[in-house]
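Enquirer: Sharing a structure, written as structure tokens. Questions coming.
The values are calculated or read from the model by the stated rules, or taken from the named source; none is laboratory data. Predicted, not measured: the structure shown is a model, and the values here were computed from it. Cβ: placed from backbone, ideal geometry, glycine included. Neighbour counts: every protein chain shown. Surface accessibility is based on the protein's heavy atoms, side chains included, excluding ligands, DNA and RNA. Shrake-Rupley method; radii C 1.70, N 1.55, O 1.52, S 1.80 Å.
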Amino acid sequence: MSDYLELPGFTHVYSGKVRDLYEPDAERTDGAAGRMLVVASDRVSAFDHVLSPAIPGKGELLTTLSLWWFDRLSDVPNHLVADHELRSDDAASDPATVREIIPTEVVGRSMLVKKLDMFPVECVVRGYLTGSGWKEYEADQSVCGIPLPAGLQNGDRLPEPLFTPAYKAPLGEHDENISYERVVELIGADDAAALRDLSLSIYRRASALAEPAGVILADTKFEFGRDPHTGEIVLADEVLTSDSSRYWDAEAWASGGTPAERMASFDKQIVRDWLAANWDQTGTPPELPADIVARTTERYQDILTLLTGAAAATR
Ligand code: ATP
Ligand code: MG
């Protein structure tokens, strides 16, 4: 289904809707062996379909954003392979850097990472009620088994951020919201508590960092894995990108307009809206028009500029 590249020295092992995973060939001696290369493509998906054409620059914009966040959260153990780890003991003998290991075709949109044993749990944190959380709330006034006050509207801020995990379904199946008790059953009480506490704390820190940019981090999803060598719990996957998070414009949200105006997000919302208006969701989705593609690239660029620009200004 996907259009991944053949990369010399790497074997393609998996493609999700957006990203392609590779493993370095085992005989490599430059420090890459045992790692994984995560390449973000420009593919865009909506309503579970990969669309055409791709969004130029999207893979690079999302990778840049992820790396920026990993750096902001540098005290949280993460899966990035740091340059220094790849340097041979004898620094004089041509030290290999991450940049040298990543094939030129995918530089800027790939991360060289430690291969972890992933927890089968998507660690979602919601500060605001929308999406599948809103649907659950409408049905039974709770989210992932957590009871909520009556009278909340779609897009409202929650009394406090909630950990609302989902079971990471095997390929092709939908992720399913689960209760915290179910997480305990799946991975044990200690790891469940660790993932919950880490997720909530990273969400709170990221929200506070996004605030000066005039951006609301409405919700986000983290994935964690265990380092098979050290046993440590490590933040993995992409972090706080506009594919894994809902970012809203704080001013628009506060303005009290329609739900669509309040929750205009810095992601592929434009694509979703265009598809919803131009496709009945049967058969193959239509080609995206050029102006929709261009405006979507702009939205991905905007969130990066807003976040990184605001951070630079307050430094
Ligand atoms: P979808 O198309 O719905 O996003 P997906 O989540 O399977 O499907 P991707 O997000 O593109 O697809 O793939 C990334 C995969 O890599 C995920 O399964 C994720 O759990 C896994 N992953 C991320 N970081 C690591 C890591 N450090 N070690 C091992 N696996 C990882
Ligand atoms: Mg994924």
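Enquirer: For segment 10-114, which semi-axes, largest first and in whole Å, follow from the square roots of 5 times the eigenvalues of its Cα gyration tensor?
Expert: Largest first, segment 10-114 gives 27, 16, 12 Å.
Enquirer: Lysine pairs in the chain with Cα distance under 27 Å, only those 8 or more apart or on different chains: how many are there?
Expert: Pairs that pass both the separation and distance tests number 22.
Enquirer: Next up: Percent of alpha carbon pairs in segment 250-315 separated by more than 20 Å?
Expert: Of the Cα pairs, 46 percent sit more than 20 Å apart.
Enquirer: Would you calculate the separation in nanometres between label points at GLU185 and THR258, each defined as 7 Å from the Cα along the Cα-to-beta-carbon direction?
Expert: 4.2
Enquirer: May I ask you to derive the relative contact order of segment 169-268, considering only C-alpha pairs under 8 Å and at least 6 residues apart, and to give it as an integer percent?
Expert: Relative contact order here is 18 percent.
Enquirer: For every helix of n ≥ 4 consecutive DSSP H residues, a contribution of -39,500 (n - 2.57) applies; sum these over the chain, divide by its total residues, and give [θ] at 222 nm rounded to the nearest 500 deg cm²/dmol.
Expert: So the calculated ellipticity at 222 nm is -10000 deg cm²/dmol.
Enquirer: Counting only protein heavy atoms, what percent of the accessible surface of segment 117-262 is carbon or sulfur at a 1.4 Å probe?
Expert: In segment 117-262, the share of accessible area belonging to carbon and sulfur is 50 percent.
Enquirer: Output the Cα-based Rg and Dmax of the chain in Å, rounding Rg to one decimal and Dmax to a whole number.
Expert: Cα radius of gyration and Dmax of the chain are 20.0, 66 Å respectively.
Enquirer: Filter the GluC sites (Glu not before Pro) in segment 232-302 down to the DSSP loop ones having no more than 13 other Cβ atoms within 10 Å, then list what survives.
Expert: Counting only loop positions with at most 13 other Cβ atoms within 10 Å, the GluC sites (Glu not before Pro) in segment 232-302 are GLU232, GLU287.
Enquirer: Using the heavy atoms of the protein chains and a 1.4 angstrom probe, tell me the accessible area per residue for the chain in square angstrom.
Expert: Per-residue accessible area for the chain comes out at 48 Å².
Enquirer: I would also like to ask the following. From the C-alpha coordinates alone, can you work out the Kirkwood hydrodynamic radius of segment 190-315, in Å?
Expert: 16.8 Å is the Kirkwood radius here.
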